[in-house]
Structures are given as C-alpha cells and as structure tokens.
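So the structure is just underneath, and the comments pick up after that.
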Amino acid sequence: MSSQVNGYEGCRVVDMRSDTFTLPSQGMKEAMMAAPLGDDVFQEDPTVIELQNKMATLLEKEAALFVPTGTMGNLICVLNHCRSRGSEVILGNLSHVHIYEQGGISQLGGVHPRTLQNLPDGTFSLEELRKAVRKDDVHMPITELVCIENTHNVAGGRVLPLEWLDQLGSTCRELGLPLHMDGARLMNAAAAMQVPPARIVRDCASVSVCLSKGLGAPVGSVIVGSQEFITKARRLRKVLGGGMRQAGIIAAAGIYALDHVAPTLQRDHAHIKAIAQAVSDLGSKAIFVNLEGVHTNILMLECDLNVLSPTQLCERMGQITDEETERHR
Amino acid sequence: MYWSKRKKSSDVPQLMDVFESEHGQQGRRSHLLGDERPNEEGETSQPQHSSNIKAERGLTPKKKMKIEKDTPIIISEKPGLFSDDECPEESHNLQVQGLNITVGEVRTVSSELILSLDEPTVKEPSQEEMEEEEMDTKFLSGDKKKYVQKFRQFWFKIPEFQGWLAEGDSPYKAFCTVCNRDMRAGKSELQRHCKGAKHIKLMAKHQPLAPISLSEDITTEAGLPQSVTFVDLRSDTVTRPSRAMKNAMLEAAVGDDAFSEDPTVNSLEKKVADMLGKEAALFVPSGTMANLVCVLTHCWGRGSEVIVGDESYMYQKMQGGIAQVGSVHHRIIKNLPDGTFSLDELRSFFQDIDTICPTTTLVCIENTHNRMGGKALPLSWLDELSAICEELNLLLHADGARLINASVALGVPPSRLVARCHSVSLCLNKGLGAPMGSLVVGTQEFITRAAKIRKMLGGVLHQCGMIAAAGIYALDNIVSQLSADHNHARAIAHSVLEEHSSSVTVDMKAFQTNIGFLHCDNIRVDAKKLCQRLQMVTDSEEQEIEEKIIVMMLPITDTVVRFMTHHEVKKDHVKAVAKKLKYVIQEFDNMMFDHYKV
C-alpha cells in the first residue's frame with residue numbers, strides 16, 4: 001500500500017479509492033471452489049451458463065455473455081452495434097467510455113465518438129441529442145448508437161432519473177437508434193432507486209454490468225441483449241481475447257455476488273451518506289460536499305484550491321499525526 | 001464348495017438365484033470372497049499373497065467363468081463377512097470338485113475347474129493395477145505392519161459413487177464434492193456416506209460432475225446413465241483444476257491488479273519472466289489476447305507490418321484480429337510441415353526494402369506449431385532465424401501457447417527457445433492445466449506499453465490473484481507431467497499403427513508433443529464419422545473390449561482427426577482409448593459399405 005502506512009504500527013487501513021478493491025469473502029471462495037467447470041470456448045461451462053441465464057433473467061433480456069472486464073463489455077457492445085464503416089456513437093463527454101477507455105472504440109473499432117455535454121446529474125439534453133444525430137450527408141459519419149452511463153461515475157455516482165430514461169428511450173425509438181447502457185454500477189442504481197434493475201434498462205438494447213465492483217466478485221462483467229446480439233458479441237469477445245476456458249470458477253463468484261452481495265448495497269450507500277453528512281455538518285469552506293449529489297456509493301469531496309489541492313488532501317488522509325491520535329483518545 | 005453371500009447395500013436388488021454346481025450341490029448361494037476390507041484398525045487377515053481373484057455379486061444373470069491355471073484362491077476368514085444365516089457350520093471345510101480346501105490355506109486349482117459365478121457389472125482393474133493402487137503398507141514400530149487402503153481409481157466406475165466422488169488430499173483420502181468433506185478412502189466408508197440423509201439431500205440439489213451432454217447411446221432402457229468413462233481429447237484446454245490447485249487458489253493473497261497491487265499476480269509474472277530469461281511479464285485472460293497485445297505493442301506506429309505463417313494460429317484462428325482490431329497489415333509466409341518456414345523466402349520479402357522510410361516489421365513464429373501437429377521448432381532453425389532478424393532489423397515474437405511442451409520435447413529449458421525473441425506469449429490454460437490465463441513476456445519497456453494495450457482491450461482483471469495462483473501451481477506441479485502426455489499421444493498413435501489398417505493411418509514420425517493427427521482414407525471413413533463413432537458405445541463393442549468408453553476427438557478437416565492428450569488423461573484411460581480405437585478401426589475395416597449405419 002502507500003508509503004505513509006508503513007511507518008505506523010497497529011493502524012487500520014480503509015481503502016476507499018475504488019469499489020474494485022473488494023476481496024472475495026470466504027463464502028464466495030467456497031462457492032468458487034465447488035462450481036462445476038467446463039471449457040467455455042466450447043460453451044460447455046455450466047457455471048458460466050448459469051450466470052449468463054441469471055443475468056439475462058434479472059434484466060429481462062434474451063441472453064447474456066460473460067466477459068472479463070467492464071471495459072471489454074463496453075467495447076464489445078459498441079463495436080457490435082456500430083458495424084458499418086463510418087459509424088458514430090453519441091455519448092456524454094464525461095462518460096467512462098469516452099474518457100477512461102483509451103478511445104478503444106476508435107482505436108480498435110474505427111467508431112467515431114460524438115459527444116454531448118453531460119449535465120451535472122449525469123444526463124444530457126435530449127434536444128441536443130436530436131440535433132446531434134447525423135443526416136445523410138457525404139461529410140458526416142452515420143450515427144448508429146446512443147450510449148449512456150448509469151450510475152454516472154464522474155458525476156459522483158449519480159443515478160439517472162427514471163423519467164429521463166423513459167424519455168430518452170422513446171426518443172431513440174423515434175430516431176431508430178439503439179441505446180446501450182454502461183451499467184457498471186447498475187445494481188447500485190437499482191438499490192438506490194428501489195426499483196428492479198430490469199425496469200431501469202427496459203428501453204436499452206444492450207447493457208454492460210460489472211460484477212467486480214461493489215458486488216465484490218474478484219473478476220468479471222456481463223453484457224446482456226437480444227439473442228442475435230449476444231451471438232455476434234461472442235465473436236467480438238473472441239477476437240479481443242476474452243474467451244476464457246474454465247471461467248466458471250469466477251462466474252461462480254459472480255453468482256454468489258448477485259445472490260448475497262447485491263441485496264446489501266444499500267448499506268454502502270448509507271455509509272457514504274453518513275460520511276457526506278459529517279463533512280457537510282462541519283460547514284468547512286475548504287472541503288465541502290454537495291449532499292444532493294450523493295446517491296450511491298461514490299462521494300466527491302470538493303476542495304478549495306486556495307487552501308489545499310485534492311492531492312494534498314489524499315496525502316493527509318494517508319498520514320496519522322500525533323495530535324490526531326491524541327484527540328481521538 | 002461352500003460360499004456365503006456378502007452383505008448387500010439396500011438399493012441394489014437382491015438376486016435370488018440358486019447356485020447349482022456341476023456336481024449338483026444345491027441350496028447355497030455362491031460367492032467368491034475377495035474384498036479384503038480392513039477393519040476399524042486398518043488390519044486385515046489377508047495372507048501375504050500378491051495376486052487374487054475378486055468378483056462381486058452383480059445384477060446380471062450368472063455366467064460361467066473359467067479360472068486360470070495355477071491361480072490361487074484366497075478366502076478370507078473374517079467372521080463379519082459370513083453374516084448370512086445360510087452359512088453352514090462346515091464353512092471352514094470347502095469342497096470343490098472333490099478338492100478339500102481349508103480356509104487359510106492357499107492351493108493351486110487346476111484349470112479344468114469351472115465355477116459358476118455372477119458376472120460383475122463393474123470391471124475389475126487388472127492385477128498389476130490392483131497391486132499398484134490398492135494397498136499401502138505403513139510400517140509401525142518394530143515389525144508390525146499396518147495395511148491402509150489407498151484410493152482406487154476403479155471406484156469412479158461404481159454407479160452409486162458417480163457424480164460426487166473425488167480423490168482427497170492424500171492417497172488415503174476420498175472427498176465428497178457435494179457435502180464438501182473428506183473421508184477415509186475405504187469402500188465401506190464411501191458406501192456409508194452416500195447413504196446418509198444429508199448427502200442424499202445435497203445430491204438432489206447439486207449438479208453432477210458428469211459432462212453436460214450424455215449421448216443417448218449410453219443410457220439404459222430406463223434412461224439412467226450407466227457408468228461410462230469419458231475421455232476428452234478434443235483439446236488440452238479442457239483440463240480442469242484439481243483439488244490441490246483449487247486449494248492453492250483459495251489460499252492466494254489477492255489485491256487489485258488494476259493498481260498492480262495483487263501480490264500473487266506479481267509473483268507469477270516474475271516467475272514466468274525469470275523462467276523465460278526475460279525482464280518482465282504481464283498476465284492476461286487468454287492466449288488470443290496475449291498475441292494481440294504483443295502485435296499491437298510492437299506495431300505501435302502507422303505502417304507497421306507483421307509476417308505470419310499461413311498455417312499459424314495467429315493467422316487462421318484469431319478471427320483476423322491483427323487486422324480487424326489492430327489495423328495491422330500482415331504478410332503470409334508458407335509454413336513447412338515441421339512448423340518452420342523457408343528463411344530464403346523470408347529474405348526475399350526484404351529485397352526491395354526502402355531504407356529511407358523504415359517500417360516496423362514483426363516476424364511471428366509458433367512453438368509448438370498447432371496445425372502442423374504440435375511440432376517443436378528445431379533449435380538450429382530458431383538460431384538462424386534470430387540471426388536473420390537481427391541482420392534485417394526485424395522484431396521477433398514467439399506465440400508460445402504450448403512453449404513448455406516444446407521445451408519438454410526437445411529437452412532444453414524454455415528460455416533457450418526464446419532467447420532472442422523480443423516478446424513471447426505463454427498459455428497456462430492448456431496443457432499446464434490452469435483454468436484460464438496467459439502471459440505476455442518481454443523487456444520492461446515493452447511490458448509497460450503492453451499494459452496500456454491490455455487495458456484498452458479490457459484485459460485488466462481485478463483480483464485475479466486466485467487465477468494466478470492456479471498458474472503458479474501449474475508451473476510447479478504439472479510441468480513434470482507433460483512428458484507423460486507426449487508418451488500417451490504416441491501410445492494412442494501406436495495402437496492405430498498396430499492395426500495396419502488402411503482406413504485410419506498415422507504418421508508416427510510426426511508425433512513430437514501432445515498433439516496427434518489420425519488420417520482417414522475418406523473411402524470407408526471420414527473424419528466426422530470417426531469422431532462420431534468414437535463417441536458411441538455399442539453392446540458388441542462393450543462385450544469385446546470390456547470397456548464403456550466415450551472418446552472425444554476433433555475433426556479438423558474432412559480427413560484429419562486431431563487429438564490432444566493432457567494431464568487428465570491417465571494411463572488407464574490411454575489403454576482404454578487404444579482398445580476402443582482398435583475395435584473401431586477393425587469395425588471400419590470389416591464393414592460392408594452399403595450396410596454400415598452410423
């Protein structure tokens with residue numbers, strides 16, 4: 001871990017850098033070890049098949065596909081929808097696909113990204129969307145996909161409002177465009193809104209859900225869509241190198257996560273809200289939070305740059321001073 | 001001869017056949033006792049004798065069985081086994097065709113002696129195998145010896161043990177995968193366990209260990225699967241993690257590899273880098289991704305080019321990924337039957353090179369070469385190729401999916417095979433037996449850039465230390481079994497050769513590693529038919545070879561069937577496969593073309 005920890009004896013470490021740090025519990029490990037296995041490239045791994053069916057049923061889609069990571073899940077979905085030359089995807093300018101995936105959709109897939117301004121709540125303007133859709137013009141690429149992110153990472157783990165999702169769904173239907181949801185933390189959104197996840201993704205042609213984040217599995221994501229979509233997605237997964245063999249051993253962790261960890265996500269949200277409330281109650285001008293923006297398990301602490309920078313805050317949080325321990329004795 | 005009925009388990013129907021010997025002795029049930037089960041202290045009263053005749057009461061009607069000449073008959077004098085009330089008082093005095101045998105004695109019985117016995121449903125292992133497997137002697141203090149039962153492979157064939165029995169941590173232990181507990185390896189103990197209420201309840205819920213697709217041919221009329229051996233030779237990727245490997249996975253320390261904080265992954269990467277004599281390594285989910293990462297990392301700039309063999313996996317089986325997602329152009333060079341290509345042809349590609357605008361050119365080799373039959377590339381050729389690449393300023397990548405097989409076949413360390421390669425991809429999920437995972441190996445600078453490509457492809461697994469632990473276990477424990485795999489492949493090929501058939505042939509010289517090809521003549525049989533026939537079990541076949549075995553191989557062309565041995569295929573499987581292959585080939589040879597139905 002970080003070097004600040006090394007000097008301190010008997011200190012506790014709370015790692016809140018990301019929810020990808022979750023380690024598998026003993027129960028999850030036992031489930032992994034007991035799972036029946038087979039070769040998933042021959043589609044003979046019963047545990048992977050079980051996870052895929054479970055996910056498809058949960059999100060009320062026809063089929064699902066187990067992939068190693070969320071990045072690959074998004075990549076497969078975008079490349080699967082945008083198949084023709086000169087295609088384009090419309091997405092938010094602060095979305096994970098656009099900023100944190102190394103432009104893979106362009107680098108590997110030749111897909112052009114058309115960005116819309118993300119509003120602070122993670123949505124974008126539907127009017128802007130309508131204007132952004134390309135006409136049949138020799139200068140322009142062809143719009144083939146609209147991509148959204150729920151919960152929205154950069155916006156602070158915000159949940160996209162259901163009414164906006166419904167409106168977006170009908171707009172896309174009208175425009176004849178499929179809708180893909182990067183649902184890396186979809187289960188957090190469902191827990192926060194207290195609605196079934198299937199309701200959230202009702203209008204989406206494809207969804208990518210991560211099991212390795214708040215759900216606590218060590219590895220893995222799942223993409224869901226129609227049967228035809230998933231059949232073609234399997235080919236894309238293979239070419240990208242996502243065809244794993246006895247993957248049931250990690251799919252079992254995913255199944256365990258969906259059964260045992262997904263119902264406890266509200267607890268994570270409550271914890272974050274408690275921390276946010278405590279910071280807000282301080283009324284500090286140097287570090288502040290926007291309580292309305294705390295929906296799920298992500299907290300954004302805003303720093304006044306005149307006083308300190310985020311890097312300094314993180315460093316300080318990683319240190320233990322004597323006055324600090326004195327005060328809390 | 002006086003016999004006694006052994007205690008039967010409750011779910012096996014009792015047969016009430018009355019034994020009539022040729023001499024008219026009636027009214028006694030016959031049973032040749034044989035199972036020297038130890039009592040609670042692990043002791044038996046078995047006399048010190050190496051070979052036994054054993055039979056168990058079975059479900060089929062009795063059949064005559066001839067006892068070989070000079071075979072001693074051992075009768076146990078354990079009172080518990082004589083629990084039948086029909087046991088006459090004179091049980092210690094036995095009469096066989098006028099022969100007087102006292103219990104405890106060993107006599108040679110003449111070959112004319114024919115006894116009527118119930119035929120066992122479960123095939124007993126051969127005598128050598130029994131000697132090997134059955135008993136182990138623990139020497140206690142002084143001269144006292146203790147016999148301890150070892151786990152017997154043939155228990156897997158017993159119907160009531162199917163679906164849950166597995167070997168335990170030690171040779172003296174068994175394991176129930178459904179209840180998740182260990183027990184002593186003893187048949188009575190196993191039988192007791194599988195009748196327990198908790199076990200029955202869990203079995204009802206649990207998915208059995210058998211593969212998903214059970215062919216109709218092997219079910220009885222009632223639709224119940226019989227005890228069949230499955231040998232999957234389609235690929236060495238079907239290897240599943242053993243219990244010991246799973247234990248290693250369970251105990252692994254994990255962290256988030258996205259932040260390079262997983263200690264097990266770091267240790268695996270270091271281990272493999274050291275093994276191949278390179279600076280660093282990178283863990284990726286699959287071999288396809290490993291090759292893709294290598295190509296994309298080398299071919300970083302515009303106008304890069306790759307040279308691949310026309311029969312290489314990278315060209316044939318990666319869905320054109322180099323071009324499709326990498327946007328890298330590749331040139332084809334013709335592969336020769338030994339997996340190499342002509343170095344003169346390689347040189348000829350560069351005759352018109354424009355020295356003012358250098359482009360990156362990557363040469364890719366495959367060792368062992370899959371489609372050419374698992375060939376290990378000759379060392380001399382590798383050295384010559386490296387020299388040419390250095391001369392012409394070309395980069396060299398080795399697709400070493402089965403590199404360790406090549407190393408074992410040639411008897412050189414793997415680092416020697418890739419000494420002058422700029423990058424290597426190595427698979428753990430094939431013959432090495434890990435459930436998934438591969439590694440990219442190269443210089444530190446290369447690996448740093450490769451990590452970026454891996455991230456973009458979506459190959460950064462988080463807590464993958466558990467899988468890396470399987471890889472470490474495989475490198476420590478399974479590498480030593482690879483030479484046995486090679487021998488097994490040759491043994492299977494040899495069995496085909498021994499038939500001297502024209503319908504299915506092999507080229508013995510082509511067998512270097514664990515991959516083998518069977519060539520069909522396409523007149524009596526083609527590749528697809530052969531594979532289909534090997535997956536069926538017919539009654540006459542079962543009677544003839546006394547095995548119920550399904551063998552899965554892969555047809556790769558119309559006339560060529562490929563098989564791959566791996567560490568899950570053991571010696572007795574190989575023997576059974578050989579028997580089946582011989583029988584099937586004879587069947588094809590004898591068939592009348594018009595009347596044969598598959």
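The values are calculated or read from the model by the stated rules, or taken from the named source; none is laboratory data. Keep in mind that this is a model prediction, so the values were computed, not measured. Ideal geometry is used to build each Cβ from the backbone, glycine not excepted, and the neighbour counts take in all protein chains shown.
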Pairs only if they're at least six apart or on different chains, beta carbon under 7 angstrom, first in the stretch A:115-131 and on the phi > 0 side of the Ramachandran plot, second part of a loop (DSSP other than H, G, I, E, B) and crowded, with 20+ Cβ neighbours inside 10 Å; list them, first residue then second.
A:G122/A:A155; A:G122/A:L160
Looking at this structure, is A:G27 in a loop (DSSP other than H, G, I, E, B) and not aliphatic (A, V, I, L, M)?
no
Anything in the stretch B:440-459 that is within 12 Å of chain A (Cβ to nearest Cβ) and not in a helix (DSSP H, G or I)? List them, or say none.
B:V440, B:G458, B:G459
Selection within the stretch B:279-296 - more than 13 Å from chain A (Cβ to nearest Cβ) and buried (at least 24 other Cβ atoms within 10 Å of the Cβ):
B:A281
Within the stretch A:59-88, which residues are over 14 Å from the mean Cα position of the chain (by Cα) and among the small types (G, A, S)?
A:A63, A:A64, A:S84, A:G86, A:S87
How many residues does the stretch B:231-278 hold that are within 8 Å of another protein chain (Cβ to nearest Cβ) and in contact with a strand residue (DSSP E or B) (Cβ under 7 Å, 6 or more places away or on another chain)?
3
Checked against (1) surrounded by fewer than 18 Cβ atoms within 10 Å (Cβ to Cβ); (2) on the phi < 0 side of the Ramachandran plot; (3) of a type outside the set (S, T, N, Q), B:C427 satisfies every condition except (1)
Note on the stretch A:145-178: residues of a type in the set (S, T, N, Q), buried (at least 22 other Cβ atoms within 10 Å of the Cβ) and without any contact (Cβ under 8 Å) to a residue 60 or more places away in the chain are A:N150
If we keep only residues of the stretch A:78-93 that are within 14 Å of chain B (Cβ to nearest Cβ) and in a loop (DSSP other than H, G, I, E, B), then the residue farthest from A:T123 (Cα to Cα) is A:R85
Strands (runs of 3 or more DSSP E) contained in the stretch A:151-252 and holding at least 1 residues under 22 Å from B:M436 (Cβ atoms)
A:206-210, A:221-225
B:L497, sole failed condition from (1) in contact (Cβ under 8 Å) with a residue 40 or more places away in the chain; (2) within 25 Å of B:H567 (Cα to Cα)
(1)
Which one of these is under 16 Å from B:F341 (Cα atoms), among the small types (G, A, S), surrounded by 24 or more Cβ atoms within 10 Å (Cβ to Cβ) and out of contact with any helix residue (DSSP H, G or I) (no Cβ under 6 Å at 6 or more places or on another chain): B:G442, B:G374, B:G400?
B:G374
Where residues in the stretch B:196-224 are touching a Phe, Trp or Tyr at 6+ places or on another chain (Cβ under 8 Å) and assigned to a loop (DSSP other than H, G, I, E, B), which of them is modelled with the highest pLDDT?
B:H206
Among the strands (runs of 3 or more DSSP E) contained in the stretch B:225-341, which hold 3 or more residues that are within 30 Å of B:Q153 (Cα to Cα)?
B:229-232
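Residue by residue, here is whether (1) more than 10 Å from chain B (Cβ to nearest Cβ); (2) assigned to a strand (DSSP E or B) holds:
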site	(1), (2)
A:T47	no, no
A:K54	yes, no
A:F66	yes, yes
A:M72	no, no
A:I76	no, no
A:S106	yes, no
A:N118	yes, no
A:L129	yes, no
Sole residue being within 14 Å of chain A (Cβ to nearest Cβ) and at pLDDT 95 or above, chosen from B:A474, B:A376
B:A474
Out of everything in the stretch B:297-323 that is within 14 Å of chain A (Cβ to nearest Cβ) and surrounded by fewer than 19 Cβ atoms within 10 Å (Cβ to Cβ), what residue ends up being nearest to B:V440 (Cα to Cα)?
B:W300
What residue, among those in the stretch A:313-324 that are assigned to a helix (DSSP H, G or I) and farther than 17 Å from A:V289 by Cα, is nearest to the chain's Cα centre (by Cα)?
A:E315
Output the number of the condition that A:M33 fails; it satisfies all remaining conditions of (1) within 14 Å of A:G220 (Cβ to Cβ); (2) modelled with pLDDT under 95.
(1)
Conditions: (1) at pLDDT 95 or above; (2) within 37 Å of the chain's Cα centre (by Cα). B:T368 meets all but one. Number of the miss?
(1)
Filtering the stretch A:70-107 for residues that are touching a residue at least 40 places away in the same chain (Cβ under 8 Å) and either of a type outside the set (S, T, Y) or crowded, with 24+ Cβ neighbours inside 10 Å (or both) leaves a count of 24
